[in-house]
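For reference, the structure is listed below as structure tokens.
Only the coordinates and a few stated rules stand behind these numbers; no lab work does. As the structure is a prediction and not an experimental result, all values here were calculated from the model. Cβ coordinates were reconstructed from backbone atoms using ideal geometry, including for glycine residues, and neighbour counts include every protein chain displayed.
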Amino acid sequence: SQKIEQNSEALNIQEGKTATLTCNYTNYSPAYLQWYRQDPGRGPVFLLLIRENEKEKRKERLKVTFDTTLKQSLFHITASQPADSATYLCALGGSNDYKLSFGAGTTVTVRA
Amino acid sequence: NAGVMQNPRHLVRRRGQEARLRCSPMKGHSHVYWYRQLPEEGLKFMVYLQKENIIDESGMPKERFSAEFPKEGPSILRIQQVVRGDSAAYFCASSPQRTDTQYFGPGTRLTVL
């Protein structure tokens, strides 16, 4: 069965540094991959989408890469700020599949 | 431009009672998805509905759970005869088409005593 794994440990970084999160998957060939942010007690908020034929996508301080050979996506937050502290979720979807499959998330804490 | 709305935000039920969770999609969105999130786990797909139709309920438990999205009014997720294992956060998402970007509501946190 398909499996989606994100960094198992929480990430604790200093303000201004780059946070790098990983999302690895097996037994799946997604057409696209998305990253969401979730704050405690809130719903996921969409951040970025990257398709299988794209290698990299950027949005402001965020960068996502997608390697379908390694079956991995990396999510980078550059020049991190305390306001970036949250849980980040990766989600995979198929070309004819509206069902998103989510990883368990990685919690990021940015220290001032 | 209101986002996806869910109510109640918190719901406490005793074992054996019924839970009704409501979701109003974003304006202009006719596609609704329900997900469940257990502690320390990722969100799991439950059901996908369009107005008056259940398109895919493959993620729903076979018993006690049902969903609807009537022509008028919000989508409803109903859990009958709740058990402790139903305690979770239930999220609704909506999209304007059957597209890849889904917009999530704040969730309903169900606690079964």
DSSP-loop GluC sites (Glu not before Pro) across region B:1-67, with at most 15 other Cβ within 10 angstrom: B:Glu18, B:Glu40, B:Glu41, B:Glu52, B:Glu63
Bins of 5 Å from zero: percent of alpha-carbon pairs in the protein assembly as shown: 1, 7, 14, 18, 18, 16, 12, 8, 4, 1, 0
Normalised contact order of region B:1-110, rounded percent, pairs of Cα under 8 Å and 6 or more residues apart: 36
Entries of A:Lys3/B:Lys62; A:Lys55/B:Lys44; A:Lys17/A:Lys57; A:Lys3/A:Lys71; A:Lys59/B:Lys27 with Cα pairs more than 18 Å apart: A:Lys3/B:Lys62; A:Lys55/B:Lys44; A:Lys17/A:Lys57; A:Lys59/B:Lys27
Shape parameters for chain A, alpha-carbon atoms, Rg then Dmax in Å: 13.4, 43
Per-residue HN-Hα couplings for region B:66-71 [Karplus 6.51, -1.76, 1.60; θ = phi - 60°; Hz; x = Gly/Pro]: 8, 9, 8, 9, x, 4
Kirkwood hydrodynamic radius of region A:1-67, from inverse mean 1/r over distinct Cα pairs, in Å: 13.7
Under the Karplus curve 6.51 cos²θ - 1.76 cosθ + 1.60, θ = phi - 60°, whole-Hz ³J(HN,Hα) for region A:101-112, x wherever Gly or Pro sits: 10, 9, x, 6, x, 10, 8, 10, 10, 10, 8, 6
Calculated from backbone phi, Karplus (6.51, -1.76, 1.60) coupling profile of region B:36-41 in Hz, x at Gly/Pro: 10, 10, 8, x, 6, 10
Sorted largest first, extent of region B:1-110 alpha carbons per principal axis (Å): 37, 25, 23
Signed unit charges on C-beta, dipole axis of region A:1-77, positive-most listed residue A:Asn7, A:Ile50, A:Cys23: A:Ile50
Average Cα contact separation per residue, chain A, under 8 Å, 6 or more apart, as relative contact order %: 36
